[in-house]
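Please read the structure below before turning to the comments.
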Amino acid sequence: MSLRTYQAKRKFGKTPEPRGKVEPDAEHRFVIQKHDASHLHYDFRLEMDGVLKSWAVPKEPPTKKDVKRLAIQVEDHPVDYIDFEGVIPQGNYGAGKVEIWDKGMYVHKNIRTLKHKNSKVESFKFELKGKKLKGEYALVRLKDKNWLLFRV
Ligand code: MN
């Protein structure tokens, strides 16, 4: 795991975001940060492998079943980012307001790589224990950085 992409995109003298480092012993926390950047979106992050695996969700994450949201995987973020709220100043990457929309613990259910015709389908399931999002969710990889997030 590496934070090189995350750090390369940011000027840490100019943004209040943490520089961060890869943490060896991660807990299983998640956060969803509402990010009012050039396009409002929700950053969904799972603490995993010493970093925050991250997806940008263009629409509000679903609290009910039968709603599937596109989730675009973005660069791994440092674990310190889990508490980040604030305003990223204009002229910086991701400029705009960041606020925590939901957070809590998650429980891993399974990780699978399914063979489907010629392509690999990656998916994982987890239970979210947030204030807004509670229950079993899945992330299923469609293609490249595009995933679907939905409640199971
Ligand atoms: Mn964002």
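The values are calculated or read from the model by the stated rules, or taken from the named source; none is laboratory data. This structure is a prediction, so every number in the text was calculated from the model and none was measured. Reconstructed Cβ throughout: ideal geometry from the backbone, glycine too, with neighbour counts over all protein chains shown.
What the table shows:
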quantity	calculated
Test: residue in segment 8-29 that is in a strand (DSSP E or B) and either within 16 Å of the ligand (Cβ to nearest atom) or surrounded by fewer than 20 Cβ atoms within 10 Å (Cβ to Cβ) (or both)	yes
Test: residue in segment 57-77 that is over 22 Å from Gly91 (Cβ atoms) and of a type in the set (S, T, N, Q)	yes
Residue that is touching a helix residue (DSSP H, G or I) at 6+ places or on another chain (Cβ under 9 Å), away from the ligand (no atom under 12 Å from the Cβ) and on the phi < 0 side of the Ramachandran plot, where the choices are Val51, Val67	Val51
Within segment 97-152, considering residues that are in a loop (DSSP other than H, G, I, E, B) and of a type in the set (Lys, Arg), the one modelled with the lowest pLDDT	Lys117
Residue in segment 73-84 that is more than 15 Å from the chain's Cα centre (by Cα) and over 20 Å from Lys129 (Cβ atoms) present	no
Selection within segment 54-76 - out of contact with any Pro (no Cβ under 9 Å at 6 or more places or on another chain), not in a loop (DSSP other than H, G, I, E, B) and not β-branched (Val, Ile, Thr)	Ser54, Trp55, Ala56, Lys65, Gln73, Glu75, Asp76
Single residue of segment 36-81 satisfying the filter (of a type in the set (A, V, I, L, M) and farther than 23 Å from Ser123 by Cα) that is surrounded by the most Cβ atoms within 10 Å (Cβ to Cβ)	Ala37
Test: Val74 is touching a Lys or Arg at 6+ places or on another chain (Cβ under 6 Å) and in contact (Cβ under 8 Å) with a residue 12 or more places away in the chain	no
Any hit, segment 79-92, residues being among the hydroxyl-bearing types (Ser, Thr, Tyr) and modelled with pLDDT of 95 or more	yes
